[in-house]
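Novice: Take a look at the following structure, please.
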Amino acid sequence: WPNDVLVHSRKICGILLENTQVENVRNPVLIMGVGLNTEGCTADFPEELQLTVTTLEQEYGDVVNREIVFRELLGELNEIFNEFLEMGIDGLLQEWLQRADVLGRRVRCLNGKIIEGIFDAISPEGFPLIRKDDGTGHIHVSGDLVVIGDVKS
């Protein structure tokens, strides 16, 4: 969360981003790591993973050409970057919210202590804004965030 990519509620990909400064480069550099499950069938995975992960092979019924997938991924990232340059961050945040399907859902924040509440919005910086049961707000800056229900009970 929010770096997991799900297919039929199963993780197929994880994305990690890190900001760093590079010598002789004026602006910070963003390093992206993408782990995509391409091969294998879930029945071959350890039992504890069979209901939570999937692969491209499992979803498409055949082994995929990883070079083609890589080229397509780079093309999509280039389009997203160009969209960001044209429209700014707001459009991307709204699209993420639509695809993530978390608004109004009950979540649990895990970062040293457990906080539960309703996913209300996303901040301009991309942080989840959680409304706790007592009505106060919580900005979830880091750590895991798990969807635990459809609506506040």
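The values are calculated or read from the model by the stated rules, or taken from the named source; none is laboratory data. Bear in mind the structure is a predicted one, so any value in this text is a computation, not a measurement. Neighbour counts run over all protein chains shown; Cβ positions are idealised from the backbone, glycine included. When the accessible area is computed, the model is the full protein with side chains, heavy atoms only, and any ligands, DNA or RNA have been set aside. Shrake-Rupley method; radii C 1.70, N 1.55, O 1.52, S 1.80 Å.
Novice: Identify all residues within the range 82-101 that are open to solvent by 90 Å² or more (accessible area, probe 1.4 Å) and under 29 Å from Val147 (Cα atoms); write none if there are none.
Specialist: Scanning the range 82-101 gives Asp90, Gln94, Gln98, Arg99, Asp101.
Novice: Any residue that is open to solvent by less than 50 Å² (accessible area, probe 1.4 Å), within 23 Å of Asp101 (Cα to Cα) and either modelled with pLDDT of 95 or more or out of contact with any Gly (no Cβ under 9 Å at 6 or more places or on another chain) (or both) - is there at least one of those in the range 37-49?
Specialist: Scanning the range 37-49, I find no residue that is open to solvent by less than 50 Å² (accessible area, probe 1.4 Å), within 23 Å of Asp101 (Cα to Cα) and either modelled with pLDDT of 95 or more or out of contact with any Gly (no Cβ under 9 Å at 6 or more places or on another chain) (or both), so the answer is no.
To keep it simple, each residue is scored yes or no on (1) on the phi < 0 side of the Ramachandran plot; (2) open to solvent by less than 50 Å² (accessible area, probe 1.4 Å); (3) not polar (S, T, N, Q).
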residue: Gly61; (1), (2), (3): no, no, yes
residue: Arg71; (1), (2), (3): yes, no, yes
residue: Leu74; (1), (2), (3): yes, no, yes
residue: Ile80; (1), (2), (3): yes, no, yes
residue: Arg106; (1), (2), (3): yes, yes, yes
residue: Pro128; (1), (2), (3): yes, yes, yes
residue: Lys132; (1), (2), (3): yes, no, yes
residue: Gly143; (1), (2), (3): no, yes, yes
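Novice: Regarding Val107, is this residue touching a Cys at 6+ places or on another chain (Cβ under 7 Å) and free of Cβ contacts under 8 Å to residues at least 60 places away in the same chain? Walk me through how you get there before you give the answer.
Specialist: Working: touching a Cys at 6+ places or on another chain (Cβ under 7 Å): no; free of Cβ contacts under 8 Å to residues at least 60 places away in the same chain: yes.
Answer is no for this residue.
Novice: Sticking with this one: Cβ-Cβ below 8 Å, separation at least six or inter-chain, first residue in the range 5-18 and of a type in the set (Lys, Arg), second open to solvent by less than 50 Å² (accessible area, probe 1.4 Å) and at pLDDT 90 or above: which pairs?
Specialist: Sorted first by the residue in the range 5-18, then by its partner, the pairs are Arg10/Thr42; Arg10/Val53; Arg10/Thr54; Lys11/Val53; Lys11/Thr54.
Novice: Residues in the range 56-65: is at least one at pLDDT 95 or above, of a type in the set (A, V, I, L, M, F, W, C) and more than 24 Å from His140 (Cβ to Cβ)?
Specialist: Looking for residues that are at pLDDT 95 or above, of a type in the set (A, V, I, L, M, F, W, C) and more than 24 Å from His140 (Cβ to Cβ), one finds at least one in the range 56-65, hence yes.
Novice: Please enumerate the residues belonging to the range 115-137 that are under 20 Å from Asn3 (Cβ atoms) and out of contact with any Ser or Thr (no Cβ under 7 Å at 6 or more places or on another chain). Working first, answer last.
Specialist: Initially, the range 115-137 is screened for residues under 20 Å from Asn3 (Cβ atoms), giving 115, 119, 121-130.
Scanning the range 115-137 gives Ile115, Phe119, Ala121, Ile122, Ser123, Pro124, Glu125, Gly126, Phe127, Pro128, Ile130.
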